[in-house]
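Colleague: Structure incoming, see below.
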Amino acid sequence: MKGMRFTIARRITLGFGLFILVVAILFLITTSTLRQSREINQRINENFVPSLSSLQELDNRLMRSQDLARQWAFVQRLEDDRERREMVQLVDKIIPAQLFKLNECAIKWNQSDKAVHERLVGNTRRILRYYKEIKNLLPSFDSYADPIATMSAEQYFIEGGQIPNVYEEIRKDIDLLIAHHQSYMQSDIALMNNSFDQLKMLLINISISVIVAGILIAFFTTRSIVKPINHLRKKLANLSQGIYSIHPAKAGNDEIGDMAKAVNKLVANFEKTKEFSINVGAGNFNIPFEPLSDHDEMGKALMRMRDDLLSYRSEMEQKVRAQTQEIRRQKEEVEIQKEKVTALYIDLQSSIDYAQRLQETILPNDASIKRMFPDSFVFFRPKATVSGDFYWFKELGGKKVFAAADCTGHGVPGAFMSLVGHNVLNTVTKVFTKPSQILNNANRLAVDVLRPVDGETYMRDGMDIALCTIDQKAMTLEFSGAHNPVYIVRNGELITIESDPFSIGSYINNEREFTNHNVNLRDGDCLYIFSDGYADQFGGPKGKKFMRKRFRELLLEISHLPMPEQKWRLMDTLDRWQGNQEQVDDILVIGIRIQD
């Protein structure tokens with residue numbers, strides 16, 4: 001009876017039952033071994049590898065710092081020398097950060113290693129203190145002229161001195177900790193390898209058994225199932241490639257036999273469909289064709305396709321011709337527009353480049369600024385190629401006059417305003433040297449320049465400025481400002497000289513007068529004038545402005561440093577604050593240390 005046939009499903013269930021059992025056993029054993037190995041690997045990756053990496057990195061940093069400290073003590077260099085900056089970074093930031101990272105790793109160590117770690121940290125902090133003492137002994141290029149300072153710095157490096165002795169102890173502790181952690185890691189690796197070796201032997205034994213059983217099962221399965229299926233598979237593979245064999249598939253008395261009969265019928269139907277498709281593709285739409293049955297969806301679809309192709313052929317030909325003409329016309333228009341845009345871009349870029357060169361000519365160079373103020377810096381970072389901020393230095397009758405100006409706008413509009421402001425200052429200072437008089441007359445000239453032809457309204461463009469005049473002999477400062485104050489840092493205290501709350505060009509002459517401030521200076525005073533770009537820059541963790549309060553705190557923090565290093569700290573702080581935020585305005589900060 002058909003219901004009692006030994007079906008394919010029963011034969012497959014009987015043949016592969018053994019394999020299912022073997023796979024289940026292998027799965028349990030392998031899972032257990034992998035879990036143990038994963039625990040060992042996790043211990044290695046989370047404890048030993050980070051610890052070894054931190055120890056080796058600390059060793060490298062300390063070795064480099066010792067070389068740089070020796071150069072600092074024995075080689076006279078400028079304050080902004082690359083090796084000196086690298087030494088400062090290592091001592092103040094990199095090595096302390098590496099110690100913090102090593103402390104996090106040491107939490108998981110045993111008590112003996114923790115004791116070695118505490119001794120290592122103490123010696124490292126001790127050697128960092130020695131480095132700082134060397135920096136304090138030789139802080140600048142001129143300090144090397146002091147033989148006592150140089151001898152004191154070199155004393156640290158003599159044989160048996162403080163730094164060689166401490167560094168030798170640090171190296172011994174690092175080597176000891178590295179040896180310990182390498183030993184721990186090798187022990188865990190050996191344990192993991194042993195587990196995998198045991199699993200390997202078990203797999204080999206089970207595999208041999210499975211192979212023997214599989215050969216027997218394959219032999220009987222091939223005779224009853226695989227052989228006829230392979231014959232049928234080859235028949236279907238030929239059909240998938242469009243090959244219709246004239247030899248029918250052999251049909252047995254089981255499910256495979258039923259499939260063979262269906263395939264033979266399918267081949268015959270494909271032959272009919274192929275002939276119809278060939279004729280339709282050749283344009284012979286009159287060939288007769290009937291669906292195989294009422295349920296032959298493919299046959300019905302082919303007949304609809306024949307009718308649609310016949311009706312659409314002429315329509316599509318007309319559409320193609322029309323679309324081809326339209327595409328050609330649009331392409332010509334695009335090419336014309338592209339040429340126009342390219343020409344406009346080239347003209348615009350050339351104009352901006354020229355404006356940049358023009359603006360650079362009005363700004364004093366570093367050499368002229370250093371001649372006036374040897375101990376000074378100018379931090380200038382435009383938002384665009386050209387800037388609305390500019391700085392101005394000039395010597396007038398034995399007095400030194402300098403200013404930081406912020407004109408309305410930035411980019412090209414701001415650059416044009418800066419040219420106006422620069423020319424106004426040059427014109428006014430031919431007659432006046434007193435800051436308030438300079439600003440009052442600069443306002444008069446600016447109003448005349450910005451006044452429209454009808455004389456009824458004024459442009460709302462202007463200039464904020466901090467302008468100082470220093471009499472070096474009398475050690476006095478005269479200051480007048482429009483919106484921008486001047487900061488003086490003296491003995492760790494910041495003194496603010498406020499400006500007037502209105503801009504150059506914002507009022508008609510004689511309506512207001514700028515205030516002139518007089519201040520007695522002292523040797524070592526640090527003067528700072530600036531635009532509002534630094535304080536208005538957005539950034540930080542919440543995307544807020546830097547603000548003047550934080551700016552004043554920063555100036556107090558860095559005022560004791562050499563001027564080049566102050567400039568670097570201002571740049572570094574701004575970069576870290578700004579992050580990925582866009583620069584919102586031109587930035588200008590000028591710092592000058594008064595020398596008697």
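Colleague: Being in the same structural domain as V378 (by TED's automatic domain parsing), of a type in the set (S, T, Y) and over 16 Å from P435 (Cα atoms) narrows it down to one of S499, S559, so name that one.
Modeller: Criteria check complete, one pass: S559.
Colleague: Additional query: For residues in the stretch 327-372 being of a type in the set (S, T, N, Q) and over 30 Å from Q472 (Cβ atoms), which is modelled with the highest pLDDT? Talk me through it step by step, then tell me what you get.
Modeller: From the stretch 327-372, those of a type in the set (S, T, N, Q) are 330, 337, 342, 349-351, 356, 359, 361, 365, 368; that's our starting set.
Filter once more, keeping what is over 30 Å from Q472 (Cβ atoms): 330, 337, 342, 349-351, 356.
On the way: Q330: 81, Q337: 78, T342: 65, Q349: 56, S350: 54, S351: 51, Q356: 57.
Ranking the qualifying residues of the stretch 327-372, first place goes to Q330.
Colleague: Same structure again: Where in the stretch 373-414 are the strands (runs of 3 or more DSSP E), entirely inside, with at least 1 residues that are among the aliphatic types (A, V, I, L, M) and at pLDDT 90 or above?
Modeller: Fully inside the stretch 373-414 and qualifying: 376-381, 399-407.
Colleague: Could we say that F219 is outside the structural domain of V75 (by TED's automatic domain parsing) and either of a type outside the set (D, E, K, R) or loosely packed, with under 14 Cβ neighbours inside 10 Å (or both) here? Even if it seems obvious, please write down each step before you answer.
Modeller: Numbers: outside the structural domain of V75 (by TED's automatic domain parsing): yes; either of a type outside the set (D, E, K, R) or loosely packed, with under 14 Cβ neighbours inside 10 Å (or both): yes.
Yes: the conditions hold for F219.
Colleague: If you check S207 against the conditions, is it among the hydroxyl-bearing types (S, T, Y), surrounded by 12 or more Cβ atoms within 10 Å (Cβ to Cβ) and without any contact (Cβ under 8 Å) to a residue 60 or more places away in the chain?
Modeller: So S207 fits the description; yes.
Colleague: Additional query: Out of (1) buried (at least 22 other Cβ atoms within 10 Å of the Cβ); (2) free of Cβ contacts under 8 Å to residues at least 60 places away in the same chain, the odd one out for I592 is which?
Modeller: For I592, the exception is condition (2).
Colleague: Continuing with this model, one more query. Before we move on, is K549 of a type in the set (K, R), in contact with a Phe, Trp or Tyr (Cβ under 8 Å, 6 or more places away or on another chain) and either crowded, with 17+ Cβ neighbours inside 10 Å or free of Cβ contacts under 8 Å to residues at least 40 places away in the same chain (or both)? Walk me through it before giving the result.
Modeller: On the way: of a type in the set (K, R): yes; in contact with a Phe, Trp or Tyr (Cβ under 8 Å, 6 or more places away or on another chain): no; either crowded, with 17+ Cβ neighbours inside 10 Å or free of Cβ contacts under 8 Å to residues at least 40 places away in the same chain (or both): yes.
Here the answer is no, as K549 does not meet what is asked.
Colleague: Tell me, which strands (runs of 3 or more DSSP E) wholly within the stretch 490-530 include 2 or more residues that are surrounded by fewer than 20 Cβ atoms within 10 Å (Cβ to Cβ)?
Modeller: 493-497, 517-520
Colleague: Within the stretch 220-229, can one find any residue that is of a type outside the set (K, R), within 54 Å of the chain's Cα centre (by Cα) and modelled with pLDDT of 70 or more?
Modeller: no
Colleague: State the number of residues belonging to the stretch 93-137 that are more than 35 Å from the chain's Cα centre (by Cα) and basic (K, R).
Modeller: 3
Colleague: Further, regarding this structure: Does V88 count as surrounded by 14 or more Cβ atoms within 10 Å (Cβ to Cβ) and under 19 Å from R569 (Cβ atoms)?
Modeller: yes
Colleague: Would you confirm whether or not the stretch 189-206 contains a residue that is assigned by TED's automatic domain parsing to the domain that holds P50 and within 38 Å of the chain's Cα centre (by Cα)?
Modeller: Checking the stretch 189-206: at least one residue is assigned by TED's automatic domain parsing to the domain that holds P50 and within 38 Å of the chain's Cα centre (by Cα).
The values are calculated or read from the model by the stated rules, or taken from the named source; none is laboratory data. It should be emphasised that the depicted structure is a prediction, and the values quoted were computed from it without experimental measurement. Cβ atoms come from the backbone with ideal geometry, glycine included; neighbour counts cover every protein chain shown.
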